[in-house]
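Visitor: One structure, pasted below without further comment.
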Amino acid sequence: MNAVIIMLVLGICIGVAVGSGIMFRIQRKMRTRELERIVHLTEDIKNGKRIRASAPGEELLLSRIELDLVRVQEILEGRKSEAEKSRNEIQKLISEIAHQMRTPLTNIETYTEIIREEAGNDGQMDVYLSALEESERKLDFLVESFVKMSRLEQHVIQIRKERADLVKTVRDALGQVQSRAERKNICFDIHFPEQAVCSHDANWLGEAVYNMLDNGVKYSSPGGRIDVSVSVNDMFYKIRVRDYGIGIDAGEESMIFRRFYRGKRVTGQEGFGIGLYLAREIVNLHGGFMLARRMEQGLLMEINLPV
């Protein structure tokens, strides 16, 4: 009798253990599937895909998490939509202000020329007029930069790529910045191949290269040197501008490409923090990318265009 009872108790224990093990494995598989479902939902949110709850009526933890993720996505989409709307409105405002400023700037330039002709050899008046012309030049540069920035961001300007010599594009940009470099007695150390033919918009890419060169001249000390090179490898055409100026602080390598950002080391140098931003936008529209590297002295800027 005792043996039967023992066997019965053992059988019950074994049955409970086996049943518990089976239930544990079933629940583990269920939890794994639920976690995989949550991972897929979060991946869809990150990739911008619309999600929905699979079982909205069930009072399960997974259903509650799914509903919460759907609400989070709706909130994020709403905020993104508001941010894009606000950004577009700011772009339109900047563009409108820039266009409205063009006419009075033209008038200032015209009347300044008239006053200069009337003033003759008046030395004091010449000082005042030179200051006025310099202010007009800065305003004109800022307005034109705003117009370019707005058109690029709103995709009004289209990049028209044609096969052309990249070396010529860089040389043309060098010619535009040469006079400023000469005033600071800055020399260029140039390393160009005989030719580097690639598909690009010479006008707009030239603008990007000019902005890089202008940046190098602006932040170099008088009597300094700027290295400029064009090269090509299996993947990229590379345009490099390396100066030996004030450089940037650690962590600013990507920040200097932001709109209106100026480096922490900038003191009395002129500028609005637009040039490198425009350069990066232009290069991005060419399918390439820009890099900035801190050097022991100065800064290395690099444009990479796909071969």
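Bear in mind these aren't lab numbers, they're just calculated from the coordinates by the rules spelled out. It should be emphasised that the depicted structure is a prediction, and the values quoted were computed from it without experimental measurement. Cβ coordinates were reconstructed from backbone atoms using ideal geometry, including for glycine residues, and neighbour counts include every protein chain displayed.
Visitor: Can you sort LEU41, LEU299, LEU142, LEU76 from fewest to most other Cβ atoms within 10 Å of each residue's own Cβ?
Guide: LEU76, LEU142, LEU41, LEU299
Visitor: A follow-up question, please. List the pairs from LYS161/LYS184; LYS138/LYS184; LYS49/LYS264; LYS148/LYS168 whose alpha-carbon separation is above 28 Å, in the order I gave them.
Guide: With Cα atoms farther than 28 Å apart: LYS161/LYS184; LYS49/LYS264.
Visitor: Quick query: amide H of ILE248 versus all other amide H atoms, modeled in the peptide plane; which residues come in under 5 Å with a sequence gap of 5 or more or a different chain?
Guide: HN-HN under 5 Å from ILE248: MET295.
Visitor: Also, I was wondering about something else. Explain nothing, just compute: Karplus ³J(HN,Hα) = 6.51 cos²θ - 1.76 cosθ + 1.60, θ = phi - 60°, for every residue of the range 79-85 in order, whole Hz, x for Gly and Pro.
Guide: Whole-Hz 3J(HN,Hα) from phi for the range 79-85: 5, 5, 4, 5, 5, 5, 4.
Visitor: Taking amide H positions as placed 1.01 Å from N in the peptide plane, with prolines and chain starts having none, which residues 5 or more places from VAL232, or on another chain, fall under 5 Å of its amide H?
Guide: LYS238
Visitor: Sum up the charges of everything whose Cβ sits under 11 Å from the Cβ of GLY245, counting Lys and Arg as +1 and Asp and Glu as -1, but leave GLY245 out.
Guide: +4
Visitor: Turning to a different aspect of this structure: To the nearest 0.05, what FRET efficiency results for ILE65 and GLN158 with a Förster distance of 51 Å applied to their C-beta separation?
Guide: Step by step, r from the Cβ atoms, then E = 0.65.
Visitor: Another one. Ordered by residue, what ³J(HN,Hα) values in Hz, to whole numbers, does the range 162-171 give under the Karplus form 6.51 cos²θ - 1.76 cosθ + 1.60, where θ = phi - 60° and Gly and Pro are x?
Guide: 9, 6, 8, 7, 5, 4, 5, 4, 5, 4
Visitor: In whole Hz, what ³J(HN,Hα) sequence does the range 172-189 give by Karplus (6.51, -1.76, 1.60; θ = phi - 60°), x for Gly and Pro?
Guide: 4, 5, 4, x, 6, 9, 4, 4, 5, 5, 5, 5, 9, 6, 9, 9, 10, 9
Visitor: Quick one: net charge of GLN195's neighbours, Cβ under 13 Å, K/R +1, D/E -1?
Guide: Every neighbour counted, the sum reads +1.
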